[in-house]
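Reviewing the structure listed below.
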């Protein structure tokens, strides 16, 4: 049995989120929370909330929160917002503002 939490349409690039997710995959929840709190990345703030949500979901399924670990975590790209930045001689460059869909699952360790 596993409990999941989802974060959709986060305004951060999936590439940046993946770096932080690789740090916590397979770790105990308390260790993962400590890693996230001490990682100076923009994605760690979002993932702290997401991990807390996954733990709260697990408690609703009567799981023991002291035995939980991050069993699965991944990020998928969401829709990309296309913006334009003016450049020299009347031309324009396209700016891609990427979004992310993050999934995080916790499971009880046997």
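One table, with the values for the structure above:
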read-out	value
Leading residue by the ranking (surrounded by the most Cβ atoms within 10 Å (Cβ to Cβ)) among those in the range 1-18 that are within 10 Å of residue 76 (Cα to Cα) and touching a strand residue (DSSP E or B) at 6+ places or on another chain (Cβ under 6 Å)	17
Failed item in (1) surrounded by 14 or more Cβ atoms within 10 Å (Cβ to Cβ); (2) within 10 Å of the chain's Cα centre (by Cα); (3) not in a helix (DSSP H, G or I), with residue 106 passing the rest	(2)
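Residues are listed down the side, and each one gets a yes or a no for (1) in a strand (DSSP E or B); (2) surrounded by 15 or more Cβ atoms within 10 Å (Cβ to Cβ); (3) touching a residue at least 60 places away in the same chain (Cβ under 8 Å); (4) more than 11 Å from the chain's Cα centre (by Cα):
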position: 20; (1), (2), (3), (4): no, yes, no, no
position: 39; (1), (2), (3), (4): no, yes, no, yes
position: 48; (1), (2), (3), (4): no, yes, no, no
position: 66; (1), (2), (3), (4): no, no, no, yes
position: 75; (1), (2), (3), (4): yes, yes, yes, no
position: 96; (1), (2), (3), (4): yes, no, no, yes
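Quick note: the coordinates plus some simple rules give every number you see, no bench work behind them. Please read all numbers here as calculations on a predicted model, not as lab measurements. Heads up, the Cβs are rebuilt from the backbone with ideal geometry, glycines too, and the neighbour counts pull from every protein chain shown.
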